[in-house]
Every structure is written in C-alpha cells, then in structure tokens.
Amino acid sequence: MSIFDILGGEFIEIIEWTDDSRDTMVYRFPTVGKAIKYGAKLTVREGQAAVFVHEGQLADVFGPGLYLLETNNLPVLTRLQHWDHGFRSPFKSEIYYVNTTRFNDLKWGTRNPVICRDPEFGPVRLRAFGTYSMRVTDPARFMSEIVGTDGEFTSDEISFQIRNVIVQEFSRMIAGAGIPVLDMAANTDQLGRMVAKAIEPVIAGYGLTIPEFYIENISLPESVEKALDKRSSMGIIGDLDRFGQYAAGEAMLNASQNPGGAGAGMGAAMGAAMGMGMARPGPWGPAAQPAAPPPLPGKQVETVWHVALDGQAQGPYGRGHLGRLAADGQFTRETLVWTPGQDGWRPADDVPELAQLFTMMPPPLPG
C-alpha cells in the first residue's frame, strides 16, 4: 500500500445525512481529523440545508440538490482561503445539516394563571394550553443566533424559549382582548391568530416561523368551575316543584327495585313524596289544607294515620276506621302507615297502637 493510499483515507469524498430521529434540528457532519477532498459530492435532500462554517465564519448555505465541491461553487469559501481558480487542494471546514421540515405537535401552556378582568365575573384567573409547529426558514440566522457550535441540536432546546415567548404574548393579548370568559371557547381561533401574529417578529429573529398555532383550551380555577357548574345545573333544573316531584318518583322506583330494603326504602320514598304532596298541590298528593284550630281544653285528640293502599297514600283515618279495613282484609300488618311526628313510613305491625288491631281480630270460621 502506497503512502498516497493511506493519506487518501483521510479525505472525505461523500457528504450526506439521513435523519433517523424526529426531533433533531441540526446535525454536524463528522470532519474531525479529516479534510474534504476537492470535488467531493455533497448531497442535500428535500427538507434539509447544508451550512459550511470555515475557521469560525459561516461560509455558505446549500439547498436541496447534489453538488461537487469545487472553487467555482464555493465563492465565499474561496475568498476566505484566497484560493486561485485552479487550486486543487483539499480543505477543512465544518458542515452542519439543518432540518427544514416542520416540527409538529409541540406543546405550550401557562405555568401560572393569567389574571384578567371579565365583564361578567369580574377579576378571574385563566389557564390555557395548546400546540404549535415550527420550521427553520433561515438556516444561516438559526445557526448564528441559536445553535452556535452545538453538534446535535434538538427541538427541545429551543421549544422552552418559544413557550416563554408564546405565554408572554398570550397573557398580554388575553388581558386586553375584553372577551368574556363564557365566549372564549368560540373565539380561540381568533385569539390564536392574534398570538401567532404577535410573536412572529421575535420568532423570525431566530430564523424560524410558526406555520400553525392552536389554543386547545382556556380554563378557570377548579373552585370557580364548580360554582359555574352549580349555576348551570340550576338553569337546567328550572322549575324546582316539578324537579322535586320527579326526584320523589325516582326514589320510589329505585326503592321498589331493591329487594333487600324494599320496605324501608319504599317507606322513605313515599314519605318524601307525601311530604311534597302535602306541601303543594299536584299528582303526588292533595292540595294543601288550611291550618286546623287547636283542640279544645280537656279533650283528647285522636291520632289519625295515612295508609299506603294500592300504591297510593290514603287517609287520614282514625283507629276505628283502620279496624274495619283490617276486618275486610284491606289493612294488614305489612301495610305502611304514617302519622305527623313519625319518622318516615312504617309497617302497621311496628306501631304498638295499630298492632293491637290484629291481635283483637277473631280467628277465621271453621270450614
């Protein structure tokens, strides 16, 4: 092997980069200890740009295509080296590949709430988050302003700075927009365009553009959202009387579907329904009765009972009337009863005063 073959192995003849990652923005082609051969092939694929840096100075930028590195297509590098037109020696430079495709689905969001004045709720604190995409449009400026000598620059290294720019402009924009909180969901597209336009000059100074910018959500603090939910619920409920009747009916239906606690559940449900029915006219009970006068002095007041017969509340009945119903078989030990002052509906057998009715009844006739 000749000395020329050994030296020839130190020359770079083919320069190319195939990106196998999704977040690499700049890649430095390895040229340490090597020289680029005169007439070497430079391949720049679509979505790439090649930046030559010689002795710390940016020499030239190549767009997509196949190039033979000669003095006639390296005018800046030739001037820096003071090459003659016929110079044929190898040269040393740093080559950086810049990814010019879009970097999509990058996240942004407000760390701390933004305080603004709402026309309806007054001072409120807002949080927001969304996504954006970015692209390198000026590789030379991007290299000189952001990358420097970083051999492998990723999107994470610049996305934090872009988030700060976005949040600053969003805070200023949302505080001065005067859009009510309840209308912001319908105006996120307009707000997004305003923020993207506001940050465009700063981002352009980095050699970048923001092709897409989205505001996905603007939210209130959790406590304010709960209060707003309660307010919305009251608006949906509407008539409280009808809602109370519906709730009582649902409670009775659920109690009837619970075999284990059917008696107590049904009693409580019917008690709630009767309480509502006695409070106002409607399908669950009679119209409200005028207040009865107090009993005369020395006269004992008889206890009256409401009974659940055939799925409906009937009464009030005195003890004698209930005895006749028991004799007819309509009133049994399991019949639910209720009287003012009693905690919910109970089976008649659980009330000592009514349980006596069933012990005093004669046995059935023989045969």
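The values are calculated or read from the model by the stated rules, or taken from the named source; none is laboratory data. Remember, predicted model here, so these are calculated numbers, not experimental data. Using ideal geometry, Cβ is built from the backbone for each residue, glycine included, and neighbour counts are taken over all protein chains shown.
Before moving on, here are some points about what is shown:
- Cβ-Cβ distances below 6 Å connect the following pairs, each with a first residue in the stretch 200-224 that is within 28 Å of Ile115 (Cα to Cα), a second residue that is charged (D, E, K, R) and part of a strand (DSSP E or B), and a separation of six or more residues or different chains: Ser219/Arg127; Pro221/Arg125.
- Out of Ala49, Ala40, Ala59, sole residue that is of a type outside the set (Lys, Arg), at pLDDT below 90, touching a helix residue (DSSP H, G or I) at 6+ places or on another chain (Cβ under 7 Å) and in a strand (DSSP E or B): Ala59
- Residue among Gly192, Gly207 that is assigned by TED's automatic domain parsing to the domain that holds Leu126, in contact with a Lys or Arg (Cβ under 9 Å, 6 or more places away or on another chain), small (Gly, Ala, Ser) and crowded, with 17+ Cβ neighbours inside 10 Å: Gly207
- The stretch 1-33, residues that are modelled with pLDDT under 90, in contact with a Lys or Arg (Cβ under 9 Å, 6 or more places away or on another chain) and surrounded by 14 or more Cβ atoms within 10 Å (Cβ to Cβ): Ile12, Ile15, Asp19, Thr31
- Top-ranked residue of the stretch 333-346 - restricted to ones that are surrounded by fewer than 18 Cβ atoms within 10 Å (Cβ to Cβ) and touching a residue at least 24 places away in the same chain (Cβ under 8 Å), ranked as farthest from the chain's Cα centre (by Cα): Arg333
- Screening Pro259 against (1) within 50 Å of the chain's Cα centre (by Cα); (2) modelled with pLDDT of 80 or more leaves a single unmet condition, (2).
- Checked against the criterion of being surrounded by fewer than 18 Cβ atoms within 10 Å (Cβ to Cβ), in a helix (DSSP H, G or I) and among the polar types (S, T, N, Q), the stretch 215-226 has at least one qualifying residue.
- Check on Gly178, in contact with a Pro (Cβ under 9 Å, 6 or more places away or on another chain) and small (Gly, Ala, Ser): yes
- Residue check, Val98 closer than 30 Å to Gly33 by Cβ and surrounded by 14 or more Cβ atoms within 10 Å (Cβ to Cβ): yes
- Complete set of residues in the stretch 121-160 that are part of a strand (DSSP E or B), under 27 Å from the mean Cα position of the chain (by Cα) and in contact (Cβ under 8 Å) with a residue 24 or more places away in the chain: Val124, Arg125, Leu126, Arg127, Ala128, Phe129, Gly130, Thr131, Tyr132, Ser133, Met134
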